[in-house]
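Note sheet for the following structure.
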Amino acid sequence: MLKKLAFLIVLASLLLAACGTAAPAATQAPAATDAPAAAATDAPAKVYTYADMTLCYPQLGAESDWRTANTASFKETAEQLGVNLVFSDAQQKQENQISAMRTCIQQGVDVIALPPVVEDGWDAVLQEAQDAEIPVIIVDRSVSADKSMYVSHIGSDMVLEGRKAGEEMNKLLPNGGNVLEISGTTGSGAATGRAQGFRETLNANITILDSQTGNFNPTEAKPVAEAFLKKYAGEIDGFFIHNDGMAEAVVEALKAAGVKPGEIKIVSVDGTRGGFQMMIDGWVQADVECNPLLGPQVMEMALKLMNGEKIDAEVLTNETVYYPDNAAELLPTRKY
Amino acid sequence: MKNNTPLFKRVRENRLFWPLVALSLIFIFNAIFSPGFFKLGILDGHLYGNLIDVFNNSAPLMLVALGMTLVIATGGVDLSVGAVIAISAAMGAVLINPVFGNEEITNAVAADPTLTNTPLWLVVVVTLVAGTLCGLWNGLLVSRAKISPMVATLILMVAGRGIAQLIERGQIMTVYYKPYHWFGNGFILGLPVSIYIVAIVYAIAWVLVRKTSIGLFIESVGLNAKSSYYSGISEKNVKLFAYTFCGFCGAVAGLILGSYIHAIDANNIGLNYELDAIFAVVIGGTLMSGGRFSLLASMVGALIIWTFTITMYIFGVPANALLAGRAVLVLVVILLYSDYARRILNRIFERKGLQHDTAN
């Protein structure tokens, strides 16, 4: 009896699962195949609108306020424009992102926008997307795969951010000094790019005493900062921290070490509210912006792709550097 | 009988012996290569130094290790403590957060450190109750539904972070309410608050397991559940108690961990704590198959893990080698605790002991 029941349940769930995947595929298929045919036969080619679009966004996780703002930007924009957003959260794991992408490919979405958690290892799944003729836009961080594997990369130039941070550090320490670096996730485009750019522009009289990963995660960054503060007590002139969340953890460690705001110069990246608050309080001297509100731009690009328009292979977001002098004025305008 | 065993052998067979040897080895290593490690100063009226960091950072792990010791002693394992930490910390964050629902936190809220939705005592109580309930759930699955501990706690391990995300509505909640920061960053009489919290929980656990018969019951269930049952020990209730207490410990750890950085990230808070806690218990000499246990030795195990981690930071071990470093620690400990290593060590020391005896 029980066995029969269990069998029925399994059967029912299988059927349901089958319907679940079949339904979108069925509705999707005509839309996808009609397009070229319609364009060929009917004189006025079908112009797609946002309502026709199914966009897949396998978000990499929710490791910082920046990421939360990025997620919110996509969800809100999709709702406003009527885009069907297939959203998933990979919890900072590449294998989750890849399986989410495979699901999207099977569903036959129109465009995939991928914020890669690390740089390497995307070739296979990008090839699968290409075989399925689904264009991929790389969002935010970069990938090491060949440029022909995806249509465009939109996001911040991480090396440029690192260079900007290096210039700020040069300005803050004109007479040279010792700095420490707390970097992001090892192997991520953001961490390697920022580290590289920072080293490129840093004056010769400034030495990087030590560098350790905080994994973009405040809880991991705090013990690192604590250990650094004891090891290099009295020698530290500056900190370069790869995001604002970790900077908050470092500030917490500085407070415990009895350091007064401004005694150790801090250059951080992101420009979150927390970052602005730290500038107002005098802890952070320069915050390099890294704009997370990419939803509107990405969806515009996706629509252009669907309508067969050309888009640039490399799109940069508008970013600046923020300073403490106008932080208090700007704080109310910050969205993340 | 007891007096006949050589003193050194008795010391060596004490559960605390090997963990303390390991800890002092790391300390000696630090003393030689980084003398600054032991420097303690007084700053703003509290002690300041690497040792304080080790204690403050390892406090949550020590708590989790306490609970895990009891669970492992009953012959089980609790894989869900990391998730329990996330759930309890998320509960605290949601209760403090003065903004309801998906409303964005306004800058006025961020600037006012006294704003909270719920009084602090209630936040603490709810945090602790949430974790304890998670533990109770695990306990019921294991003791009443007779699901094997690994599978039963796996359910909450997988689902727990999802639950925590639902509680926080997928956001990383930053707590601007100052009094909440005290648990992880405050000081009493120059020592971090977290140390006192660990001491209190340890005292509760010690009284429970050593001054009542619960400790004996746990050991007897771990050694042989069936014969305990026939001796009239309620195996079910003993297990239920162990898992519930483990949930409670996870909740206290969640309170401290959430307070450290005061931004509660359901995905990352207490990540891999279950594995570190199991490791701490193993270092403490409690067998994974259950039976005799030592709470203090497990706490020393937690201290070893954190001393080692902070030592690696001090020595500037590159980021990509940190995990490999940990692997070496695990390997060395497991080898030291193997029967083979024990036998060799026993042989070496016994021979010396004999010579010593004949000389007398």
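The values are calculated or read from the model by the stated rules, or taken from the named source; none is laboratory data. Note that the coordinates shown come from a computational prediction; the quantities given were computed from them, not determined experimentally. Neighbour counts run over all protein chains shown; Cβ positions are idealised from the backbone, glycine included. What goes into the accessible areas is simple: the full protein's heavy atoms, side chains included, and nothing from ligands, DNA or RNA. Shrake-Rupley method; radii C 1.70, N 1.55, O 1.52, S 1.80 Å.
Just need a number here: residues in the range A:43-84 that are among the aliphatic types (A, V, I, L, M) and open to solvent by less than 40 Å² (accessible area, probe 1.4 Å).
Kept after step one, since they are among the aliphatic types (A, V, I, L, M), are these residues of the range A:43-84: A:43, A:45, A:47, A:51, A:53, A:55, A:60, A:62, A:69, A:72, A:78, A:81, A:83.
Okay, now just the ones that are also open to solvent by less than 40 Å² (accessible area, probe 1.4 Å), so A:53, A:55, A:60, A:62, A:69, A:72, A:78, A:83.
Count: 8.
Kindly establish whether B:Asp265 is touching an Asp or Glu at 6+ places or on another chain (Cβ under 9 Å), of a type outside the set (A, V, I, L, M) and in contact (Cβ under 8 Å) with a residue 12 or more places away in the chain.
yes
Condition first: surrounded by 18 or more Cβ atoms within 10 Å (Cβ to Cβ) and either more than 20 Å from the chain's Cα centre (by Cα) or not polar (S, T, N, Q) (or both). Now tell me which residues in the range B:137-153 satisfy that. Talk me through it step by step, then tell me what you get.
In the first step, residues of the range B:137-153 are kept if they are surrounded by 18 or more Cβ atoms within 10 Å (Cβ to Cβ); the result is B:137-139, B:141-143, B:149, B:152-153.
Scanning the range B:137-153 gives B:Trp137, B:Gly139, B:Leu141, B:Val142, B:Ser143, B:Pro149, B:Ala152.
If a residue counts only when it is away from chain A (no Cβ under 14 Å), open to solvent by 30 Å² or more (accessible area, probe 1.4 Å) and more than 23 Å from B:Leu79 (Cβ to Cβ), which helices (runs of 4 or more DSSP H) contained entirely in the range B:225-324 have at least 2 such residues?
Numbers: elements: B:225-230, B:235-261, B:273-283, B:295-314.
Because the criterion is at least 2 residues that are away from chain A (no Cβ under 14 Å), open to solvent by 30 Å² or more (accessible area, probe 1.4 Å) and more than 23 Å from B:Leu79 (Cβ to Cβ), the helices (runs of 4 or more DSSP H) in the range B:225-324 that meet it are B:225-230.
Would you confirm whether any residue within the range A:90-108 is modelled with pLDDT of 90 or more, within 14 Å of chain B (Cβ to nearest Cβ) and open to solvent by 40 Å² or more (accessible area, probe 1.4 Å)?
Within the range A:90-108, one or more residues are modelled with pLDDT of 90 or more, within 14 Å of chain B (Cβ to nearest Cβ) and open to solvent by 40 Å² or more (accessible area, probe 1.4 Å).
Which count do you get for residues in the range B:113-162 that are touching a residue at least 40 places away in the same chain (Cβ under 8 Å), assigned to a loop (DSSP other than H, G, I, E, B) and β-branched (Val, Ile, Thr)?
2
Which residue pairs have Cβ atoms under 6 Å apart, sit 6 or more places apart or on different chains, and have a first residue in the range B:34-45 that is at the interface with chain A (Cβ under 10 Å from one of its Cβ atoms) and a second that is of a type in the set (A, V, I, L, M) and surrounded by 13 or more Cβ atoms within 10 Å (Cβ to Cβ)?
B:Ser34/B:Ile314
Restricting attention to the range B:18-32, does a residue exist that is in contact with a Gly (Cβ under 7 Å, 6 or more places away or on another chain) and either more than 20 Å from A:Ala227 (Cβ to Cβ) or away from every other protein chain (no Cβ under 14 Å) (or both)?
Here is the first cut: in the range B:18-32, the residues in contact with a Gly (Cβ under 7 Å, 6 or more places away or on another chain) are B:18-19.
Going one step further and asking which of them are either more than 20 Å from A:Ala227 (Cβ to Cβ) or away from every other protein chain (no Cβ under 14 Å) (or both), we end up with B:18-19.
Taking every residue of the range B:18-32 in turn, at least one turns out to be in contact with a Gly (Cβ under 7 Å, 6 or more places away or on another chain) and either more than 20 Å from A:Ala227 (Cβ to Cβ) or away from every other protein chain (no Cβ under 14 Å) (or both).
Taking the range A:129-183, which residues are closer than 30 Å to A:Asp237 by Cβ, assigned to a loop (DSSP other than H, G, I, E, B) and among the small types (Gly, Ala, Ser)?
Of everything in the range A:129-183, those that are closer than 30 Å to A:Asp237 by Cβ, assigned to a loop (DSSP other than H, G, I, E, B) and among the small types (Gly, Ala, Ser) turn out to be A:Ser156, A:Gly176.
Checking A:Phe87 against (1) within 13 Å of chain B (Cβ to nearest Cβ); (2) open to solvent by less than 60 Å² (accessible area, probe 1.4 Å); (3) within 22 Å of A:Asp123 (Cα to Cα), only one condition comes out false. Which one?
(2)
Out of curiosity, is A:Ile241 away from chain B (no Cβ under 14 Å), surrounded by 21 or more Cβ atoms within 10 Å (Cβ to Cβ) and in contact with a Gly (Cβ under 9 Å, 6 or more places away or on another chain)? Walk me through it before giving the result.
Values: away from chain B (no Cβ under 14 Å): no; surrounded by 21 or more Cβ atoms within 10 Å (Cβ to Cβ): yes; in contact with a Gly (Cβ under 9 Å, 6 or more places away or on another chain): yes.
Spelling it out, it is not the case that A:Ile241 is away from chain B (no Cβ under 14 Å), surrounded by 21 or more Cβ atoms within 10 Å (Cβ to Cβ) and in contact with a Gly (Cβ under 9 Å, 6 or more places away or on another chain).
Please enumerate the residues belonging to the range B:163-172 that are assigned to a helix (DSSP H, G or I) and facing chain A (nearest Cβ under 10 Å). Give the steps one after another, and end with the answer.
Kept after step one, since they are assigned to a helix (DSSP H, G or I), are these residues of the range B:163-172: B:163-168.
Correct list: B:Gln165, B:Glu168.
So which residues in the range A:310-336 are open to solvent by 70 Å² or more (accessible area, probe 1.4 Å), of a type in the set (Ser, Thr, Tyr) and within 11 Å of another protein chain (Cβ to nearest Cβ)?
Hit for the range A:310-336 is A:Thr333, nothing else.
Taking the criterion of being of a type in the set (A, V, I, L, M, F, W, C), within 11 Å of chain B (Cβ to nearest Cβ), part of a strand (DSSP E or B) and open to solvent by 10 Å² or more (accessible area, probe 1.4 Å), would at least one residue in the range A:205-219 satisfy it?
We begin by selecting, within the range A:205-219, every residue of a type in the set (A, V, I, L, M, F, W, C); these are A:206, A:208-209, A:216.
If we keep only those that are within 11 Å of chain B (Cβ to nearest Cβ) too, we end up with A:209, A:216.
Next, from what is left, pick out any that are part of a strand (DSSP E or B): A:209.
From what is left, the residues that are open to solvent by 10 Å² or more (accessible area, probe 1.4 Å) are A:209.
Within the range A:205-219, one or more residues are of a type in the set (A, V, I, L, M, F, W, C), within 11 Å of chain B (Cβ to nearest Cβ), part of a strand (DSSP E or B) and open to solvent by 10 Å² or more (accessible area, probe 1.4 Å).
Would you confirm whether or not the range A:189-202 contains a residue that is surrounded by fewer than 21 Cβ atoms within 10 Å (Cβ to Cβ), over 24 Å from A:Met301 (Cα atoms) and without any contact (Cβ under 8 Å) to a residue 24 or more places away in the chain?
no
Please go through (1) surrounded by fewer than 22 Cβ atoms within 10 Å (Cβ to Cβ); (2) over 15 Å from B:Ile256 (Cα atoms); (3) among the aliphatic types (A, V, I, L, M) for B:Leu191 and return the number of the only condition it doesn't satisfy.
Looking at each condition in turn, B:Leu191 falls short on (2).
Would you be able to tell me the number of residues in the range A:159-182 that are open to solvent by less than 40 Å² (accessible area, probe 1.4 Å), farther than 18 Å from A:Leu316 by Cβ and among the hydrophobic types (A, V, I, L, M, F, W, C)?
Of the residues in the range A:159-182, 5 are open to solvent by less than 40 Å² (accessible area, probe 1.4 Å), farther than 18 Å from A:Leu316 by Cβ and among the hydrophobic types (A, V, I, L, M, F, W, C).
Given A:Val269, A:Val284, which one is within 30 Å of B:Gly49 (Cβ to Cβ) and more than 14 Å from chain B (Cβ to nearest Cβ)?
On the way: A:Val269 fails: within 30 Å of B:Gly49 (Cβ to Cβ).
The match here is A:Val284.
Looking at A:Glu248 and the list (1) within 22 Å of the chain's Cα centre (by Cα); (2) in contact (Cβ under 8 Å) with a residue 60 or more places away in the chain, which single condition is not satisfied?
(2)
Is it fair to say A:Phe74 is among the aromatic types (Phe, Trp, Tyr), assigned to a strand (DSSP E or B), within 29 Å of A:Asn217 (Cα to Cα) and modelled with pLDDT of 90 or more? Quick ask: steps written out before the conclusion?
Numbers: among the aromatic types (Phe, Trp, Tyr): yes; assigned to a strand (DSSP E or B): no; within 29 Å of A:Asn217 (Cα to Cα): yes; modelled with pLDDT of 90 or more: yes.
So A:Phe74 fails the test.
Listed here are the residues, each with its yes/no results for (1) more than 9 Å from every other protein chain (Cβ to nearest Cβ); (2) assigned to a helix (DSSP H, G or I); (3) open to solvent by less than 10 Å² (accessible area, probe 1.4 Å); (4) farther than 30 Å from A:Gln94 by Cβ.
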{"position": "A:Gly234", "(1), (2), (3), (4)": "yes, no, no, yes"}
{"position": "A:Gly245", "(1), (2), (3), (4)": "no, yes, no, no"}
{"position": "A:Pro261", "(1), (2), (3), (4)": "yes, no, no, yes"}
{"position": "A:Gly275", "(1), (2), (3), (4)": "yes, yes, yes, no"}
{"position": "A:Asn291", "(1), (2), (3), (4)": "yes, no, no, no"}
